[in-house]
Structure formats: structure tokens, C-alpha cells
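Novice: I'd like to ask you about the structure that follows.
The values are calculated or read from the model by the stated rules, or taken from the named source; none is laboratory data. These numbers come from a predicted model, not from an experiment. Using ideal geometry, Cβ is built from the backbone for each residue, glycine included, and neighbour counts are taken over all protein chains shown. For the accessible areas, the whole protein counts, side chains as well, though only heavy atoms, and no ligand, DNA or RNA atoms are used. Shrake-Rupley method; radii C 1.70, N 1.55, O 1.52, S 1.80 Å.
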Amino acid sequence: MRAVVQRVSQAQVVVGGKVVGQIGQGLLVLLGVGRGDTLDDAAYLARKIAGLRVFADADGKMNLSLADVGGEVLAVSQFTLFGDTRKGNRPSFIEAAAPDEGRRLYEGFCDLMTQQGLHVETGVFQAHMEVHLINDGPVTLWLDSAERFQHRRS
């Protein structure tokens, strides 16, 4: 499971000209579900994202989490995070989960975030969405549950 996480001062998702999800200060999470991902991957990312200390403390240091600042989450399904362009210019999405499984794990991720006491807004699964955001910082992070970003040495 992959996530692009952006710290935002506000964000919204529009479908068919109608706002379907909207937050103020918080995190916009673009979430991709891959083949073979499980609820364990969703739980890992939910814990990791909820605990990210990317908001400024009184000294201006990134030291506070969503809960610390009363931040919200806008979670948007984004299967294209599994797009593979190594063999040409047209992306292949064969590593993305099938729609039913993708929906189940995306909704599971959203439920897990809510269970941590966070306010979660969503987009519409499989819809064409317009995502509007004001990236604060900018702060943008990439997380992948398969890698768990263990320390690597060159």
C-alpha cells in the first residue's frame, strides 16, 4: 500500500461539480492499494500517518501530530500510485489491486484513521475527482507499507 501525504492548510475533493470531501488544516492522503496488500498494510499506514510529526510546535519545529493540532484527514483513493512506466510511456496498472479489494482496503484505512480519533473526509472511490489543496510548507511525504522505509546505507 502506498501513500503520498501532503500537509495542507485546506483541501477538498470535487466530483461532478459538487464538493464531496473537505478539510481545513491537516493531511491530504493519496492512497494506492496494490495487489497482495492486506488490512495489516492499511493498519501500518494508518498508525504511521496518524503519528507523523509534521506540524510546527511553538519553536517552529516539525514536532506535532494531527491529534496535537486538531488536524483532519482527506483520504483519496489513488490507484495510479501503482502505475509502472518502465516499459514505455503508457502506464501499466497491473500491480494495483482489483477494484473490489482496493475499495475494501481503502475503506478499511479510513475506518482505522477514524478509530484513532481523527476526523476523516473522503473522495469517491473510482470516480473522476478534482482534488484542490493548499500544500502547507510544502511538506510532501511518500510512504510504502511494503518497504516500511527501513534505514538504508549507500
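Novice: Taking region 124-134 as the search range and keeping residues that are in contact with a Ser or Thr (Cβ under 8 Å, 6 or more places away or on another chain) and not β-branched (Val, Ile, Thr), which one is least open to solvent (accessible area, probe 1.4 Å)?
Specialist: Once the filter is applied, the top-ranked residue is Phe125.
Novice: I've got another one for you. Which is in contact with a Cys (Cβ under 7 Å, 6 or more places away or on another chain) and touching a residue at least 40 places away in the same chain (Cβ under 8 Å), of Val120, Val73, Val54, Val69?
Specialist: Answer to the check: Val120.
Novice: So which residues in region 99-123 are open to solvent by less than 60 Å² (accessible area, probe 1.4 Å) and part of a loop (DSSP other than H, G, I, E, B)?
Specialist: Answer for region 99-123, where residues must be open to solvent by less than 60 Å² (accessible area, probe 1.4 Å) and part of a loop (DSSP other than H, G, I, E, B): Leu118, Gly123.
Novice: Assuming Ile94 fulfils every condition listed in (1) among the aliphatic types (A, V, I, L, M); (2) closer than 23 Å to Asp40 by Cα; (3) assigned to a strand (DSSP E or B) apart from one, which condition is it?
Specialist: (3)
Rundown of residues vs (1) at pLDDT below 95; (2) over 16 Å from the mean Cα position of the chain (by Cα); (3) surrounded by 16 or more Cβ atoms within 10 Å (Cβ to Cβ), yes/no style:
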| residue | (1), (2), (3) |
| --- | --- |
| Ser9 | no, no, no |
| Leu28 | no, no, yes |
| Gly32 | no, no, yes |
| Arg35 | no, yes, no |
| Asp40 | no, no, no |
| Arg53 | no, no, no |
| Ser65 | no, no, yes |
| Gly71 | no, no, yes |
| Arg86 | yes, yes, no |
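Novice: Return the pair list, or none, for Cβ contacts closer than 6 Å from residues in region 81-106 that are over 20 Å from Gly123 (Cα atoms) and touching a residue at least 24 places away in the same chain (Cβ under 8 Å) to residues that are open to solvent by less than 50 Å² (accessible area, probe 1.4 Å) and aromatic (Phe, Trp, Tyr), at least 6 apart or on different chains.
Specialist: Glu95/Phe82
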